[in-house]
Amino acid sequence: MFALPLDRPALMGILNVTPDSFSDGGLHLDASAAIDAGLRMMEEGADLIDVGGESTRPGAEAVDAREELRRVLPVVEALASKGVPVSIDTGKAEVAEKALAAGAMVVNDVTAFSDADMAEVCARAGCTVCLMHMKGDPRTMQQNPRYTDVVAEVASYLRERAESAEEAGVNRSNIWIDPGIGFGKTAEHNVALVKNLDQLAALDYPVLVGVSRKSFIGRILGSAEQPLLPEQRLEGTLAAQVVAQLKGAKVIRAHDVLSSRRTIAMVAALS
Ligand code: HH2
């Protein structure tokens, strides 16, 4: 179980051990490069490191559990053995179970326990879990997503998934929820979710938000035809994170750890 700081949101550093993640794909494919990147993010002020072995960017192909474990397990093991709080970004119970045994403290599941065995694995481990909203799956989720009221629909889905996790034995105090920015949502849907994040915080589970370098920022600051590139989205990311923090986010998932940590500290000092 991961204890949240009381005076500011926790900062989760993103570490993708994948060839194809939208922003850091291919950078940390080698375990030792990934471990160094994780340690660097801790020095820069991350509170925990989210290790992922399967990209969930729109259009990404699925990988099997064996390959995912081959990518993430040495990294989880090495970071955890150095005392780094580790979160495992996976939808597979088998990967979660082995990562927890290797020392991970949090299971970050973008499918919100779609794998029937996930709740039991997490309940048994007593770990923290993050349940995220996604409409559809990564291969198809950006094909014309529609909602009548995106904020209400995401809130009711997250409440239902959290209650069902509790029924399956996960402690309520171990559950975080996440609107899933960019997962089956247009730029307008993402904007509505960040603007109204207080409505999700009102469900009374800590809210995690992942806006970092996401495409809605590229569209707002560029255009639909010519969005800013992921590496040009720092200011937009920080602005969105500030709004999320002011609206009650308790965990911020980010690539740019040093800038995010300073921004979080400044907002905490001013609010
Ligand atoms: N976003 C991504 C991956 N995992 N987990 C949570 N809880 N919330 C998010 O918003 C979220 C997430 C996508 O970003 P990234 O890891 O940078 O890219 P990719 O999925 O291509 O590896």
For this session: Report those strands (runs of 3 or more DSSP E) wholly inside the range 1-93 carrying at least 1 residues which are within 11 Å of the ligand (Cβ to nearest atom) and touching a Ser or Thr at 6+ places or on another chain (Cβ under 6 Å).
Result: 48-52
Problem set entry | Filter pass, SER173 being within 21 Å of ASP256 (Cα to Cα), at pLDDT 95 or above and among the hydroxyl-bearing types (Ser, Thr, Tyr) | no
Seminar exercise, completed: Note on LYS195: of the conditions (1) among the charged types (D, E, K, R); (2) open to solvent by less than 30 Å² (accessible area, probe 1.4 Å); (3) closer than 25 Å to VAL129 by Cα, unmet is (2)
Problem set entry | Output for the range 166-190, where each listed residue is of a type in the set (A, V, I, L, M, F, W, C) and without any contact (Cβ under 8 Å) to a residue 40 or more places away in the chain | ILE181, ALA187
Seminar exercise, completed: Residue set ARG66, ARG8; condition of a type in the set (Lys, Arg) and under 25 Å from TRP176 (Cα atoms); output residue ARG8
Problem set entry | LEU238 vs. criteria in a helix (DSSP H, G or I) and open to solvent by less than 20 Å² (accessible area, probe 1.4 Å) | no
For this session: Give ALA155, ALA162 a once-over and let me know the one that is assigned to a helix (DSSP H, G or I), at negative phi and in contact with a Phe, Trp or Tyr (Cβ under 9 Å, 6 or more places away or on another chain).
Result: ALA162
Seminar exercise, completed: Checked against (1) within 16 Å of the ligand (Cβ to nearest atom); (2) more than 27 Å from ASP256 (Cβ to Cβ); (3) out of contact with any helix residue (DSSP H, G or I) (no Cβ under 8 Å at 6 or more places or on another chain), ALA165 satisfies every condition except (3)
For this session: Run down ALA112, ALA96 and say which single residue is open to solvent by less than 10 Å² (accessible area, probe 1.4 Å), closer than 22 Å to ASP137 by Cα and in contact (Cβ under 8 Å) with a residue 40 or more places away in the chain.
Result: ALA112
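The values are calculated or read from the model by the stated rules, or taken from the named source; none is laboratory data. Since this is a predicted model, take the numbers as computed values, not measurements. Glycine also receives a Cβ, built like all others from the backbone with ideal geometry; neighbour counts cover every protein chain displayed. We work out accessible area using only protein heavy atoms, side chains counted, and drop any ligands, DNA or RNA first. Shrake-Rupley method; radii C 1.70, N 1.55, O 1.52, S 1.80 Å.
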